[in-house]
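What follows is a single structure, written as structure tokens, with notes after it.
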Amino acid sequence: MKNILDTPVERDLPPGAAARMRADLMTSIRRPRRRSAVRLGIATMATAAAVVAGVAMVPNGDGVRNLAMGSSELSPTLHRAVEQCLEWNSQMERLPLSMDDLAVAAEQDHHGVALFMTDTGYFTCEVSMQPHREISGGATGERVWPQRDWLPGPIQRLLLMSTEADGGDVAVTGRVSARVQRLVLEHGDGQTTTARLANGVFGLLTDDANVTRDAELVSYDSTGAELDRRLLFRSSHEFDHCYVDSAGTLVYGEPGADCRPAEPWGR
């Protein structure tokens, strides 16, 4: 089994392309780069395989930044990245998908991330579109997502893209329960960014910010009361508590005596 951060397997590519794109992807994931470092995390990705692929070289402009809560809000470059994700999904025969299944997508400069959700599963990918270079990236997904209907508390961070190792500008996507009416990223330096919420999914994109490693996602209910506060840069695979569903079945974390209730999710 491969984790999303493992090196993806090669496809049928021109000589040398697989090795080059493998190196590019590992660099983008594991080393901070100005305005292009990418982190991806999702609680159920550990059992899914990843893939890289190459297509024709495509130039695109610098400084592109966009957050799309659905396919109708895609910029031209992000639309291109999402179409590439759909093509990879088709090649992998992961699950039936269309543009209508796009939950949220974001881009910073030449990197884009997209999350698709269906009634049973998910598919997510990262696309690197450096000017005058072959498109590369990683993708993963599952036809059956056992934890789809439950969240580890009020929110769940799924995808994170940052311009520095633990800070800079960030693009964040994830899910929220019905209780969450407002979600704010506290940068750790006194500044804040409010997330957009739609259909049980959130997205936020900072602009010329100095998000620090102490940044926190803070959720509020309809009365303005704080529901939850958690570190942004904490791994999505790590939990301070275990979470159980309404039947008492463990959904997230390790078994323990003080498990908290997982919250239902519906889009």
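The values are calculated or read from the model by the stated rules, or taken from the named source; none is laboratory data. Since we're looking at a predicted model, the values are computed, not measured. So basically every Cβ, Gly included, is an ideal-geometry build from the backbone, and we count neighbours across all protein chains shown. All accessible areas refer to the heavy atoms of the entire protein, side chains included, with ligands and DNA or RNA removed. Shrake-Rupley method; radii C 1.70, N 1.55, O 1.52, S 1.80 Å.
Pairs meeting the criteria (first residue in the range 59-73 and among the acidic types (Asp, Glu), second residue modelled with pLDDT of 60 or more, beta carbons under 7 Å, at least 6 apart or on different chains) are 62/109. If you filter the range 250-267 down to residues that are outside any strand (DSSP E or B) and under 11 Å from residue 147 (Cβ atoms), you find that the one that is nearest to the chain's Cα centre (by Cα) is 265.
Filtering the range 97-116 to residues that are among the acidic types (Asp, Glu) and open to solvent by 10 Å² or more (accessible area, probe 1.4 Å) leaves 100, 101, 109. Within the range 100-129, the set of residues being free of Cβ contacts under 8 Å to residues at least 60 places away in the same chain and over 17 Å from the mean Cα position of the chain (by Cα) comprises 100, 119, 120. Reported count of residues in the range 234-246, each being out of contact with any Cys (no Cβ under 8 Å at 6 or more places or on another chain) and either open to solvent by less than 40 Å² (accessible area, probe 1.4 Å) or under 17 Å from residue 262 (Cα atoms) (or both), is 7. Taking (1) open to solvent by 10 Å² or more (accessible area, probe 1.4 Å); (2) under 17 Å from residue 94 (Cβ atoms); (3) touching a Pro at 6+ places or on another chain (Cβ under 9 Å) in turn, residue 119 satisfies each apart from (3). Of all residues assigned to the range 211-233, none qualifies as being within 22 Å of the chain's Cα centre (by Cα), small (Gly, Ala, Ser) and modelled with pLDDT under 95.
Scanning the range 133-155 for residues that are assigned to a strand (DSSP E or B) and either modelled with pLDDT under 90 or open to solvent by 10 Å² or more (accessible area, probe 1.4 Å) (or both), which turns out nearest to residue 238 (Cα to Cα)? That would be 150.
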